[in-house]
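Visitor: Just dropping this structure here.
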Amino acid sequence: MELYTAILTALAEYPWLGEWFTVFVRPLFPVLAGLILFRAIRSLLRVPHTPETWGQLSLPNGTPAALTHWENIIGRSRIADVQLNYASISRQHAALCRDGEGCWTLYDLRSKGGVKVNGETVDGSAPVKLGDKITLGGVPLLFLPQTAADHKRQEKERKKERPVVIWPSFLWLTLFQILACLQLMISAGTECSPVTPIAFLGLTAVMWLYFIALRLGRCVGFEMETIAFFLSTLSLAVTASSAPGSLLKQLAAVVLGLLVFLILGLFLRDLGRVQSIRWLMAAAAIGLLAVTLLLGNRKYGAVNWISMFGMSFQPSELAKICYIFAGSATLDRLFRRRNLSLFIVLTGVCIGFLGLMSDFGTAAIFFVTFLVIAYLRSGDFATLSLICGGAVFGAGLIMKFKPYILNRFASWGHAWEAASTTGYQQTRTMSAAASGGLLGVGPGEGWLHRVAAADTDLVFGMLCEEWGLLIALLAAGSIVMLALFTVRACRVGRSCFYTIAACAAGSLLVFQSCLNIFGSVDLLPLTGVTLPFVSNGGSAMLSAWGLLAFLKATDTRPNASFAIRRGNFS
């Protein structure tokens, strides 16, 4: 507190100190942001992702076929995990799946030639163990462990994938947070509250405590968390400019979001446990939306807020996590078409509730996420085309019976023609963004925060105005980089559940970011969705950290992810 008082006193006695400080840090912020993100993003994109070998099938000619996933499709198809070019083998003949305890099960995928284990015909599925003879369409295979030489070679290759040392990025981020806090104090002047340094100091402490605790647990690979902490720092800065009274609440949201990230990540270790509560998560998604519809308050035209005990939150944000959890599935679950049908029903109910709530931005996010999950679960473009056609038809019916909804999108594409009415927010956002230039006017020095929803729906404009276009693009680009890493990592994913969940979460984050950014500058309709990790809002922050846990689960580098149990097949 004495340091805080001394800083304010010095700024009051020597105003030129604040002016020169702002001039100095404006070009320094994008440099620091680049240093923070460079190591993390480079490490994520340079990971070679060596396939893990969990066992092998010895072919009739003695050639080994490696099993590089926990769930492997065997067949004649080019996309099969183990391709067997025999006329008697179906395109997708069988599946060999491993559970979290290392036990294997063989499934007959309605093959024409049949499946046998040790001469016994498999009706549906059967357990298999090392040394068993598997016959597919008359083709004999021997189920064997990975050889010692292959295991040694794989471990040597995987050691090369060890993540970079990330503590330098944490140091740069700490300096970034200190300078941002000082700049915000200078901007606030005599009205500065001690809450500002307390909040930034709290975030710095939480960040380092997290890093130290996991390093003591021999965990490595903090690239995703580095990006998330950087974006959360921008969120605190935006909140300090627009709503200083909510600063501690936003810090609490970051801490709670980090806890959700850890708890969900640890829960994902056990696929059996995950599968046991999928329908509970589906019920939770429906329940959260139903309660909002019944008890929610209308805000900005949508019934998506619930107020309790003086606090308000958006259950639809938490419903995103539950929805992805319920929609993802392991390979053995994908064989049952009934499960996909039930998932379609779940999607229809969720989007129907969101439509009744007039929350069309979130409804669009759910629908895009559904398309990603449905395609990964079925691979059927024809079915998805019919679903898209039905969605367009349903949207048309809604517009016919509720024509007032069109008024919300009336200014799309010509906001300047309605700058004082329906295009008020977009035109002010574009003006503020243009005034910020490449470096921005300085944190706390902008004026866009006086416009409604500036720190939520229009937060990209605030970033451009106060922090500059460079940092705004770095913030948006870092979210895209998370999704790109996920796509690359999923190629060697251990389970379909991790692959589907991560692709869905990554797609959701990117699509939601596009809606927020392009909507604020009139390239898309302004739908009222937040920018992940950056917008002011506790529910949105919890959701963003929770979705990050799904992305983290795809990281198969040794000790890089707490979300997947390692284990060897031997």
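The values are calculated or read from the model by the stated rules, or taken from the named source; none is laboratory data. No experiment lies behind these values; they were computed from the predicted model shown. As a convention, Cβ positions derive from the backbone with ideal geometry for all residues, glycine included, and neighbour counts pool all protein chains shown. Protein only, heavy atoms only, side chains kept; ligands, DNA and RNA dropped before computing areas. Shrake-Rupley method; radii C 1.70, N 1.55, O 1.52, S 1.80 Å.
Visitor: Modelling each spin label as a point 7 Å along the Cα-to-Cβ direction, I'd like the S307/D123 distance in nm, to one decimal.
Guide: In this crude label model, S307 to D123 measures out at 6.3 nm.
Visitor: Here's something else I'd like to know. Expressed in nm to one decimal, what extension gain is obtained for the pair S420 and R215 from 0.36 nm per residue of sequence separation less their Cα-Cα distance? Kindly include the intermediate steps, with their values, before the conclusion.
Guide: Numbers: separation 205, 0.36 × 205 = 73.80 nm, distance 5.38 nm.
Taking S420 through R215 to full extension adds about 68.4 nm, to one decimal.
Visitor: Could you state the number of Å between the C-alpha centres of region 112-163 and region 210-246?
Guide: Rounded to whole Å, the Cα centres lie 43 Å apart.
Visitor: If I take every Cα pair under 8 Å that is 6 or more residues apart in region 115-205, average their sequence separation and divide by the length, what percent do I get for the relative contact order?
Guide: Numbers: 53 pairs, mean separation 13.8, N = 91.
Once normalised by length, the contact order is 15 percent.
Visitor: Among T174, A283, L256, whose Cα sits farthest toward the positive end of the charge dipole of region 163-309 (+1 at Cβ of Lys/Arg, -1 at Cβ of Asp/Glu, about the Cα centre)?
Guide: A283
Visitor: Separate question: How large, in percent, is the carbon and sulfur part of the accessible surface of the chain at a probe radius of 1.4 Å? Please list the in-between numbers first.
Guide: On the way: 15870 of 24490 Å².
With neighbouring chains kept in place, the figure for the chain is 65 percent.
Visitor: Sequence-distant or interchain residues sharing an amide H contact under 5 Å with A560, placed H: which?
Guide: V220
Visitor: With charges only on Cβ, +1 for K and R and -1 for D and E, what is the dipole size of the chain about its Cα centre, in debye, rounded to 20? Before the final figure, lay out the partial values.
Guide: Numbers: 46 positive and 32 negative charges, 405 e Å.
The calculated dipole for the chain is roughly 1940 debye.
Visitor: Once the convex hull of the C-alpha atoms of region 507-546 is built, how many Å³ does it hold per residue, rounded to a whole number? Each step should come with its number before you reach the end.
Guide: On the way: hull volume 2.4 nm³, N = 40.
In region 507-546, the Cα convex hull volume per residue is 59 Å³.
Visitor: Would you list Y424, Y210 from the most to the least accessible area, probe 1.4 Å? Display every interim value, and only then the final one.
Guide: Numbers: Y424 95, Y210 10 Å².
Largest accessible area first, the residues go Y424, Y210.
Visitor: Now a separate question. In Å², what does the accessible area per residue of the chain work out to with a 1.4 Å probe? Numbers along the way, then the final one.
Guide: Details: 24490 Å² over 570 residues.
Using a 1.4 Å probe on heavy atoms only, each residue of the chain averages 43 Å².
Visitor: Relative contact order of the chain, please, whole-number percent, based on alpha carbon pairs below 8 angstrom and at least 6 residues apart. The partial results should precede the final answer.
Guide: Working: 970 pairs, mean separation 104.0, N = 570.
Answer for the chain is 18 percent.
Visitor: So, one more: Helix 148-159 against the longest principal axis of the chain: what's the angle in degrees, Cα atoms only, rounded to the nearest 10?
Guide: 10
Visitor: Next up: From the helices alone, meaning DSSP H stretches of at least four residues, give me the mean residue ellipticity at 222 nm for the chain, per-run term -39500 (n - 2.57), in deg cm²/dmol to the nearest 500.
Guide: On the way: 19 runs with 320 residues, N = 570.
Mean residue ellipticity, 222 nm, calculated: -19000 deg cm²/dmol.
Visitor: Still on this model: Report the full-extension gain for the segment I277 to N297: residue separation times 0.36 nm, less the Cα-Cα distance, to one decimal in nm. Don't skip to the answer; put the middle values down first.
Guide: On the way: separation 20, 0.36 × 20 = 7.20 nm, distance 3.01 nm.
4.2 nm is the gain from fully extending I277 to N297.
Visitor: Each label point is 7 Å from the Cα along the Cα-to-Cβ direction; what then is the distance between the points at S193 and S378, in nm?
Guide: The answer from the label model is 5.1 nm.
Visitor: Relative contact order for region 186-292: what percent, with Cα pairs under 8 Å and sequence separation of 6 or more? Please report the intermediate quantities before stating the final value.
Guide: Details: 32 pairs, mean separation 27.9, N = 107.
Worked out over region 186-292, it gives 26 percent.
Visitor: Could you give the length gained on full extension between L201 and L523, defined as 0.36 nm per residue of separation minus the Cα-Cα distance, in nm?
Guide: Values: separation 322, 0.36 × 322 = 115.92 nm, distance 3.74 nm.
Length difference between fully extended and current span is 112.2 nm.
Visitor: In the structure shown, do any of K116/K320; K156/K320; K129/K156; K152/K552; K129/K152; K112/K133 have a Cα-Cα gap over 30 Å, and if so which?
Guide: Table pairs above 30 Å Cα-Cα are K116/K320; K156/K320.
Visitor: Dipole of the chain (Lys/Arg Cβ +1, Asp/Glu Cβ -1, origin at the Cα centre): which of P532, G138, L57 lies farthest to the positive side?
Guide: G138
Visitor: Right, here's the next one. Angle, helix 223-242 long axis vs. longest principal axis of the chain, Cα atoms, 0 to 90°, nearest 10?
Guide: Tilt relative to the chain: about 30 degrees.
Visitor: Sticking with this one: Which whole-Hz couplings ³J(HN,Hα) result when phi for each residue of region 481-491 is put into the Karplus expression 6.51 cos²θ - 1.76 cosθ + 1.60, θ = phi - 60°, listed in order with x for Gly and Pro?
Guide: Result, ordered by residue: 5, 4, 5, 5, 4, 4, 4, 5, 5, 5, 5 Hz.
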